[in-house]
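Please treat every number below as a calculation from the coordinates, not as lab data. All values reported here derive from a predicted model rather than from experimental measurement. Cβ sites come from the backbone with ideal geometry, for glycine too, and all protein chains shown count toward neighbours.
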Amino acid sequence: MVLLLLLGSGASLGSFFPQRSLNPAAVDAYFLRHPALAPYLDALGLFDVFGAWWFWTIALLLGISLMGCLLPRLRAYLRALKHRPGPREAGPLPAFLVTGPSGAAPGEVLDRAGRILTRRGYRVARGDGWVAAEKGFLREAGSLLFHASLLALVGSFVLGRAWGFQGQAAIVEGDEWQDARVNYDFIREGRFFSGRFPDFLLKVEDFTVTYHPSGLPEDFRTRLEVVEGGRRREVVVRVNHPLEVAGVKVYQASYGWAPVIRVSQGERVLAGGPVVFITDPRTGVARGVVKVPGARPEQVGLELFLLPDPQVVEGVGLVNASPLPEHPILLFRLYAGDLGLNVPQSVFSLDKRGLRPAGDGFVPLGGEKEVAGVRVAFPELKEYTVLALTRDPGRKWALLFALLGLAGLLPGLYVARRRVWVRVSERDGAWLVEVAASPGGERAEEEYRRVAAGLLGAEKVAVSGRG
Amino acid sequence: MAEGLSSLLFFAALGAYLLSMLAYSLALGLRKGAAWGAGRGLALVGALAHLGSVVFRGLAAGRVPWGNMYEYSSLLGLLLVVSFLVLGRGSLKSVGAFVMGGAVLTLAAGRILYVPPGPLVPALASYWLKVHVLAAVGGSAVLGLSFFPSALFLVLEWVRRRARHGVLVGAGGAGIEAGDEGGLLGALPSSELLDRAALALVKIGFPIWTFSILAGALWAEEAWGRYWGWDPKETWSLVTWLLYAAYLHARSSRGWRGTRAAALNMVAFASLLFTYYAVNLWISGLHSYAGV
């Protein structure tokens with residue numbers, strides 16, 4: 001129980017500090033805000049609680065103690081199943097006790113007790129002068145099933161992660177995408193992931209967003225052609241409607257604009273094709289970068305902003321009014337100098353240390369514009385879709401064990417274990433019937449009362465209470 | 001039209017709950033059967049109006065009426081009252097004043113987060129919304145209800161201890177000694193009853209909560225590509241689950257009763273509140289797109 005509480009407080013820490021696995025940018029920001037404190041917190045694993053050694057140590061200890069508890073319980077349970085209920089000769093006084101003289105012969109009383117108890121679902125054993133009965137074996141079975149399933153569920157979770165992978169890929173409309181490690185924009189592979197990608201091909205036919213009249217998005221859908229082992233099929237991937245192909249699940253994760261941009265000098269086309277832009281969710285303005293190392297006499301870089309629906313608002317200037325591509329325009333700033341491409345860098349930003357601004361301009365869709373001898377054309381506006389691809393071999397097992405656990409939880413909580421003993425003995429020349437039972441709540445007592453009433457008559461039981 | 005009607009009924013329910021709370025409070029003081037009846041009747045009337053409010057809200061939005069925090073709070077209040085009326089018959093009536101107070105607070109807090117009915121973002125448009133959120137609200141309502149007998153238990157223990165202490169030192173505090181069953185204490189149920197009631201409610205709420213987490217994981221699998229990702233909401237629902245599990249364990253295998261068990265139930269309840277309010281309002285995570 002202490003471990004349960006420890007695990008709980010440990011997990012709660014993970015929601016107070018930014019987590020690298022969920023939001024790496026927030027962790028970086030935390031480091032900037034608390035430069036003195038952050039390294040210590042990091043050393044304690046507070047930025048990656050759910051990967052930290054101490055978190056899984058607690059979990060492991062919990063698992064071991066659970067196991068250490070379950071195995072003896074399982075053995076005891078199997079033994080109890082095999083054995084018949086035994087007589088109660090001595091021991092502590094049970095919670096409920098009724099005694100009364102019997103007019104009938106002992107054998108007859110015990111027969112009747114056996115019948116009553118069997119009808120109520122008890123397992124009954126008969127001995128010389130006594131009947132012992134018990135029921136509620138389902139409680140222990142449910143409890144065992146629940147705890148074992150829980151253990152197996154955590155196991156499936158850990159192993160599923162270790163043998164699986166999670167990745168993301170941005171694909172522009174009309175492009176084909178091959179399932180291979182280099183084609184992922186982001187990938188996290190489990191420790192034991194085989195490295196074998198199933199090698200299917202996705203061709204994005206198109207991507208559409210539909211909107212409610214209020215401007216809220218209604219649906220995102222990617223129309224795909226899937227080629228797998230020579231077979232082709234058409235599918236639509238939507239939010240909440242993933243595609244499953246070769247053990248990999250494909251989800252609609254995100255989307256954005258990919259304007260086709262052609263950069264040329266004179267007759268020389270230096271760059272052309274769709275460029276993946278990142279949309280600022282607050283303004284609806286998308287931003288992208290084109291690097292042209294082949295420009296003469298110097299390298300050239302472009303920083304571009306796409307406004308799908310530009311509008312001039314008095315006092316504010318140019319803003320984007322809606323996500324609908326009504327009259328898309330590209331605003332750009334041209335930089336000349338050294339792009340600094342000898343070191344790896346992000347495709348979404350320019351390293352401006354060796355660059356200087358060389359002019360500004362804008363191009364509407366279908367137009368072109370020349371600035372400082374560089375011609376920028378914007379012939380087409382495409383969209384790209386971001387698909388998340390995951391492989392988790394533990395998934396089905398996790399579901400199975402979760403369901404088993406739930407199935408075990410209910411009897412584990414609600415089925416009551418009840419035991420009843422009936423004894424007939426001779427006292428002062430008369431037969432005396434004694435009914436005893438294991439302690440229980442109100443409903444158990446009600447049941448015991450009925451059993452006793454069936455044997456001795458209701459009026460006798462009404463006056464007796466707890467023993 | 002439906003939106004206005006929904007709001008009207010919402011405030012009617014709020015008013016009825018407030019009156020019911022007063023009636024239950026009066027009943028505690030006067031110990032008249034009529035006052036208990038009035039409390040229960042008003043709560044029932046309020047719940048019916050409330051049900052109407054929830055239904056019209058659903059009609060106005062054209063979907064199930066539990067898609068944002070206002071709707072969720074409203075439904076939580078309704079289920080709290082309903083589960084009290086159904087599960088708390090008789091023995092738990094003495095906590096009626098507090099439960100109705102809790103319902104009033106839940107509704108008031110929900111109204112602060114009011115947004116007009118509207119469609120949902122695509123990620124929420126799933127049949128899992130119906131299952132997962134309904135189970136989460138239902139589980140919260142029953143687990144939340146178990147807070148009241150435990151809290152009252154702790155208050156009573158405290159008062160009784162003070163009373164005993166007063167008698168022992170012979171100071172002026174002898175007014176409510178333990179044997180003074182004619183006063184306010186006498187109107188309240190025995191500690192044992194409260195203790196058992198809290199356990200019974202946790203036993204009902206816990207599997208519902210478990211199911212809600214399971215349904216949430218299945219949904220997460222479908223929407224985000226993983227059934228568990230330590231999102232703050234997931235983490236906190238697990239923390240809450242662990243705490244209620246600890247409560248059940250403390251009772252069944254450690255034999256915790258009374259004060260200690262009630263205190264643990266308080267902690268679990270705090271975590272439940274945190275899971276619902278704080279995670280949505282203060283901590284950003286995947287669930288925050290559900291909006292307030």
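Each of A:Asp42 and A:Thr210 was given a label point 7 Å from its Cα along the Cα-to-Cβ line. The distance between the two points is 4.7 nm. For chain A, find the longest principal axis of its Cα atoms and tell me its angle to the long axis of helix A:2-16, 0 to 90°, nearest 10. Helix A:2-16 sits at roughly 20 degrees to that axis. Relative to the longest principal axis of the Cα atoms of chain A, the long axis of helix A:53-82 makes an angle of roughly 30 degrees. For the range A:238-253, backbone phi angles converted through the Karplus equation (6.51, -1.76, 1.60; θ = phi - 60°) give residue-by-residue couplings of 10, 4, 6, 9, x, 10, 10, 9, 6, x, 10, 9, 10, 10, 6, 10 Hz, Gly and Pro being listed as x.
Note on the range B:235-275 and the range A:150-215: Cα centroid distance 38 Å, given to the nearest whole angstrom.
Taking the helices alone, the protein assembly as shown has a mean residue ellipticity at 222 nm of -15500 deg cm²/dmol, built from -39,500 (n - 2.57) per DSSP H run of at least 4 residues and averaged over all its residues.
Available extension along the chain between A:Ser346 and A:Arg333 is 2.9 nm, counting 0.36 nm per residue and deducting the alpha carbon span. Seen against the Cα atoms of chain B and their longest principal axis, helix B:2-30 is set at about 10 degrees.
With each label modelled as a point 7 angstrom along the Cα→C-beta vector, the B:His249-B:Leu105 pair spans 2.9 nm. Candidates B:Gly258, B:Leu242, B:Ala220 compared by Cα position along the dipole of the range B:220-262: farthest toward the positive end lies B:Gly258, with charges placed on Cβ. Within the straight-line cut-off of under 14 Å between alpha carbons, the aspartates and glutamates reachable from B:Lys203 are B:Asp195, sequence neighbours fewer than 8 places apart in one chain being disregarded. For the range B:1-73 versus the range A:251-284, the spacing of their alpha-carbon centroids is 54 Å.
Total lysine pairs in chain A at Cα distances under 16 Å, for residues eight or more apart or on different chains: 5.
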